[in-house]
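The values are calculated or read from the model by the stated rules, or taken from the named source; none is laboratory data. Only a predicted model underlies this, so the values are computations on that prediction, with no experimental measurement involved. All Cβ positions, glycine included, derive from the backbone under ideal geometry; neighbour counts span all protein chains shown.
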Amino acid sequence: MSKRSHISPRIDRPPRWATRFLEWYCKPSLYEDLQGDLLEYFGRNVAAKGLTYARLIYIIDVLKFFRLYTVQKPQIFKGMNQFILLSNYFKTSVRSMARNKLFSTINVVGLAISMSVGLLMIAFLTDIYSFDTFHEKYDRIYRVGNTYQRLEEDESKFASTSIQAANRIKSDVPGIEEMVLITRNFRGDAAYNSKVIAIEGLYAQESFFSVFSFKLKQGDAATVLKEPYSVVLDETTAKKLFDDKDPVGELIKLNDKDSYTVTGVMEDMPGNSHLRAPVVASYSTYEIKEKENEESTRLTRWNNMWSNYIYIVVRPDQDMEALQASLNQISEDENKVDEHTTINMWLQPLAAIVPGEDLSNQIGPSLELKIVWIIVALSFVVLVSACFNYTNLSIARSLRRSKEVGIRKTVGASAGNVFTQFILEAVVISGLSLLFAFVLYYLILRPRFLELGEEIGEMVTLHPSALTFLYFGLLAVIAGLFAGFFPSLFLSRISVHKVLKDVSSLKLFGNIAFRKVLIVFQYTLSLAFIIGATMAYKQYDFAVNFDLGYETENILNIDLLGNDVEKVRTALSEIPEITAMSASTLVTSVGSYWGTKAKYKDPLDSTNIHYNGIDENYIPIHGLEIIAGRNFIPQSDSSAESQIIVNEKLLKRFNIGEPLDAIGETLKVDDKDVKIVGVVKDFHYGKIDSPIKEFAYRYHADQYYVINALISSADIPGTMEKIESKWDELDAIHPFEAEFYDDRIQKSYDEYLIMVKIIGFLAFLAISIASLGLLGMVVFTTETRLKEISIRKVLGATERNLVLLLGKGFITLLIVATAIAVPATWYFFNQIVFNDLAYKATFGFLELFGGVLVVFGIAALAVGSQTVRAARTNPADTLRNE
């Protein structure tokens with residue numbers, strides 16, 4: 001046949017439709033030659049007979065060659081052939097799994113264990129990334145946050161901002177479609193007729209329901225928050241107060257003082273909302289109430305940024321860089337008022353709140369993005385470990401499967417066919433594993449199986465939706481493809497003439513066997529998990545037993561919940577097991593802080609201090625050491641603040657000198673002059689992640705929110721029943737809320753306990769998967785070396801010699817894994833995870849090598865059980881069959 005002729009781009013060419021018709025019906029193997037011949041004849045006919053006649057002949061020839069031997073099979077037959085081929089692959093895969101029950105079981109169980117973690121990960125991510133997506137303007141809503149820096153102190157990022165910031169944004173920033181200002185701390189006892197319930201919510205401007213898509217069941221979104229003393233209730237709160245009565249237009253009384261009109265009822269805010277408020281009151285109410293407050297001017301200052309939140313909706317075409325530039329200009333203008341403080345506004349997309357940065361003054365639940373990615377990464381490595389099990393065992397079994405590959409190739413199978421066969425087998429095993437993974441998944445979801453704290457429990461449900469199930473199926477396919485890729489690629493490249501050779505010793509990465517690399521990798525992960533869990537627990541134990549510098553044992557902290565402190569104190573004093581009581585603003589050393597500014601002699605030099613409002617009984621009950629001066633003395637007018645007790649750190653900050661020198665000196669706190677009457681020895685009022693800073697005790701009777709009761713009882717449950725009974729007599733509205741100091745401290749370090757639970761759980765899974773893989777490798781190795789074992793026994797080798805011979809290779813791999821895992825894990829936790837902690841636990845031999853000994857014991861059991869069994873095999877039985 002002649003070569004294809006060159007066709008010039010002129011109009012003397014055959015009809016395009018005829019050429020396309022030929023391409024459509026002609027077999028690909030004949031098309032090129034046939035088209036070349038037709039084009040050559042067409043060129044000759046153009047020269048001899050003219051273009052029109054040549055085109056006619058070309059069309060006739062195209063139609064003439066439409067014959068059985070040139071026409072390709074219809075696509076339906078091709079698809080049928082592919083279906084038959086895939087069906088054959090599937091049957092072969094099932095038969096192969098049935099013939100190799102042990103290896104199939106190991107692969108299915110290992111993948112099922114890891115995929116159950118993958119299912120949890122997918123459900124977790126689905127829940128977390130669904131936060132706030134129900135808002136109609138979700139992609140255009142931003143929260144205005146603040147960065148705060150005082151003098152040379154470290155910069156802090158806050159989710160909150162100031163009322164002044166809202167005023168400036170509203171008047172000076174273009175490109176904003178909507179804006180809403182929200183303030184926390186709307187709370188009290190709401191009464192309607194004879195019903196009284198405790199409520200808590202937010203103050204919000206009238207644009208609240210325009211910015212956010214919370215659904216109103218009753219009321220006009222544009223006006224429900226317009227008038228002062230108007231309030232919107234969610235359905236649950238409305239049901240509690242009004243039963244089945246229509247609440248709109250009704251009056252409720254708050255704290256026996258203010259009357260509020262119910263202007264709307266909204267659906268309960270979804271669980272995947274970072275804003276959660278059963279009640280929303282009009283912001284104009286807050287403005288009226290604050291005008292009555294003598295400190296109202298201070299509340300509207302630029303640097304009063306602790307309780308307010310601004311959300312904006314930007315226009316679709318808004319230039320975000322220009323918008324940020326406007327915020328920067330406002331910040332620059334306002335910062336001129338206080339040269340020692342720098343506050344800068346920044347924009348946070350609604351999508352970046354949960355998950356997002358760890359900001360101070362968060363409103364609603366939050367979860368750091370890095371925690372999400374750590375959980376995803378840990379889940380991923382467990383899944384990869386199980387996939388490596390499959391890869392490892394499949395390559396090790398290549399000797400048995402090589403004959404199958406050779407036969408397939410001999411009868412005409414291509415490398416692609418072989419690859420498809422084995423990749424399909426991996427997907428089938430992965431799909432079967434998914435069924436078992438579902439069972440494990442729902443077992444893990446059982447209550448109290450893996451508690452991760454109240455906050456995370458409220459944020460995620462882990463109950464899969466229809467879309468989540470689709471992701472589950474996709475995970476099974478991806479896992480199967482990943483696990484089966486290398487074995488399929490390896491087996492598809494086997495040459496027919498090498499089919500009888502042992503390919504299990506395939507070398508990669510120099511002289512190291514690929515399967516050995518995988519075993520080392522798996523056990524490195526397992527050891528890293530168990531060492532990490534041990535180190536996390538050691539840090540948790542160190543934190544909860546840390547010497548704070550004061551007493552916390554047997555102190556019960558009781559929330560006052562708005563009750564008068566003296567009434568509660570009087571009622572509880574009737575219980576003999578309560579030996580002493582004090583009152584305080586907050587519970588220290590658990591992560592709660594109250595702060596303000598303090599000045600000494602220089603009016604331009606101020607510093608931020610943390611403080612706790614206490615009475616005269618607090619210091620003796622908690623055993624704090626006063627190193628100079630005295631304790632507070634009760635005053636007739638307890639609301640008039642005139643005395644303060646400070647720590648040593650505050651003296652150093654203002655260069656006051658020795659503790660005795662500070663007694664009688666005056667500080668300005670919240671624009672009030674107070675005298676230092678005592679100095680306490682530095683103690684840890686915060687958590688151990690931060691060092692000791694400036695702190696003060698204030699005699700602040702109007703800020704008592706907690707009763708600190710010292711308990712002396714041999715029957716704690718009985719004593720708690722007495723206290724709760726007394727509380728119910730005193731307050732029938734608010735449920736009794738109390739917690740022992742030591743328990744509260746433990747709860748404040750739940751993050752470490754959660755880390756222990758997650759890493760420990762994954763460690764258990766990783767060790768289980770790795771041990772299953774090791775067991776499979778040992779079984780395969782001993783089976784393939786039975787003849788060698790028998791010959792060695794005939795020549796006089798003892799069982800001990802044979803066990804050492806068969807096991808030393810695996811023990812060597814575990815030693816290599818230990819050499820990698822121990823230093824790497826120590827560095828990761830000590831230098832990265834715990835690096836920012838002011839106080840860290842020291843990690844010794846037990847934390848670093850205790851888990852190693854456990855893993856070695858499990859591995860020795862897996863290796864020893866099989867090698868001893870092989871060593872005890874009768875040589876005569878083995879050699880007779882050879």
Open item on the list: Restricting to the range 685-730, count the residues that are of a type in the set (S, T, Y), in contact with a strand residue (DSSP E or B) (Cβ under 8 Å, 6 or more places away or on another chain) and closer than 30 Å to L837 by Cβ.
Closed with: 3
Open item on the list: With the requirement that a residue be touching a residue at least 40 places away in the same chain (Cβ under 8 Å) and outside any strand (DSSP E or B), what does the range 242-253 give you?
Closed with: F242, E250
- [ ] Examine the range 487-504 for a residue that is closer than 21 Å to L775 by Cβ, surrounded by 20 or more Cβ atoms within 10 Å (Cβ to Cβ), modelled with pLDDT under 85 and assigned by TED's automatic domain parsing to the domain that holds L837, and state whether such a residue exists.
- [x] no
Task: Of all residues making up the range 154-173, the number that are at pLDDT below 90 and either over 33 Å from the mean Cα position of the chain (by Cα) or assigned to a strand (DSSP E or B) (or both) - done: 1
- [ ] Given the conditions (1) assigned to a strand (DSSP E or B); (2) at pLDDT below 95, report the number of the one that V144 does not fulfil.
- [x] (2)
Task: Residues of the range 300-316 satisfying the condition of being β-branched (V, I, T) and within 18 Å of K289 (Cα to Cα) - done: T300
Open item on the list: Tell me the residue from V427, V405 that is surrounded by 18 or more Cβ atoms within 10 Å (Cβ to Cβ), in the same structural domain as L481 (by TED's automatic domain parsing), of a type in the set (A, V, I, L, M) and at pLDDT 75 or above, please.
Closed with: V427
Open item on the list: For the range 294-322, give me each residue that is part of a helix (DSSP H, G or I) and either touching a helix residue (DSSP H, G or I) at 6+ places or on another chain (Cβ under 9 Å) or at pLDDT 95 or above (or both).
Closed with: S296, L299
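Condition check ((1) under 30 Å from the mean Cα position of the chain (by Cα); (2) part of a strand (DSSP E or B); (3) modelled with pLDDT of 95 or more) across all residues:
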{"site": "A198", "(1), (2), (3)": "no, yes, no"}
{"site": "L202", "(1), (2), (3)": "yes, yes, yes"}
{"site": "S210", "(1), (2), (3)": "no, no, yes"}
{"site": "F214", "(1), (2), (3)": "yes, no, yes"}
{"site": "V224", "(1), (2), (3)": "no, no, yes"}
{"site": "V232", "(1), (2), (3)": "no, yes, yes"}
{"site": "K240", "(1), (2), (3)": "no, no, no"}
TODO: Could you tell me whether the range 598-615 includes any residue that is farther than 28 Å from E153 by Cα and at pLDDT 90 or above?
DONE: yes
Open item on the list: Looking only at the range 670-727, filter to residues that are of a type in the set (S, T, Y) and surrounded by 20 or more Cβ atoms within 10 Å (Cβ to Cβ); which one of those is modelled with the highest pLDDT?
Closed with: Y697
Open item on the list: Among the listed residues R400, R515, identify the single one that is modelled with pLDDT under 75 and outside the structural domain of G776 (by TED's automatic domain parsing).
Closed with: R400
- [ ] Collect the residues in the range 333-370 that are in a helix (DSSP H, G or I) and either surrounded by 18 or more Cβ atoms within 10 Å (Cβ to Cβ) or out of contact with any helix residue (DSSP H, G or I) (no Cβ under 9 Å at 6 or more places or on another chain) (or both), keeping them in residue-number order.
- [x] E334, N335, K336, V337, L350, K370
Task: Complete set of residues in the range 740-754 that are among the aliphatic types (A, V, I, L, M) and surrounded by fewer than 22 Cβ atoms within 10 Å (Cβ to Cβ) - done: L753, I754
TODO: Just give me the residues in the range 256-272 being surrounded by 14 or more Cβ atoms within 10 Å (Cβ to Cβ) and either part of a loop (DSSP other than H, G, I, E, B) or free of Cβ contacts under 8 Å to residues at least 24 places away in the same chain (or both), in sequence order.
DONE: D268, M269, P270, G271, N272
Open item on the list: Looking at the range 319-353 only, could you name the residues that are touching a strand residue (DSSP E or B) at 6+ places or on another chain (Cβ under 8 Å) and under 27 Å from T133 (Cα atoms)?
Closed with: M320, L323, Q324, L327, M345, W346, L347, Q348, P349, L350, I353
Task: Single condition M777 does not satisfy, out of (1) in contact with a helix residue (DSSP H, G or I) (Cβ under 8 Å, 6 or more places away or on another chain); (2) farther than 24 Å from F380 by Cβ - done: (2)
Open item on the list: Which condition from (1) surrounded by 18 or more Cβ atoms within 10 Å (Cβ to Cβ); (2) modelled with pLDDT of 85 or more; (3) not aromatic (F, W, Y) is the one that E737 breaks?
Closed with: (1)
Open item on the list: Out of T223, T237, I need the residue that is surrounded by 15 or more Cβ atoms within 10 Å (Cβ to Cβ) and hydroxyl-bearing (S, T, Y). Which one?
Closed with: T237
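In this structure, does A159 turn out to be of a type in the set (A, V, I, L, M, F, W, C), farther than 30 Å from V382 by Cβ, surrounded by 18 or more Cβ atoms within 10 Å (Cβ to Cβ) and out of contact with any helix residue (DSSP H, G or I) (no Cβ under 8 Å at 6 or more places or on another chain)?
Yes, satisfied.
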TODO: Can you give me the ranges of the helices (runs of 4 or more DSSP H) entirely in the range 606-664 with at least 3 residues that are surrounded by fewer than 20 Cβ atoms within 10 Å (Cβ to Cβ) and assigned by TED's automatic domain parsing to the domain that holds G686?
DONE: 648-653
Open item on the list: For the range 9-46, give me each residue that is surrounded by 12 or more Cβ atoms within 10 Å (Cβ to Cβ), hydroxyl-bearing (S, T, Y) and within 15 Å of Q72 (Cβ to Cβ).
Closed with: Y25, Y31
TODO: From L774, L765, L786, grab the single residue that is among the aliphatic types (A, V, I, L, M), over 17 Å from N107 (Cα atoms) and either at pLDDT below 80 or buried (at least 21 other Cβ atoms within 10 Å of the Cβ) (or both).
DONE: L786
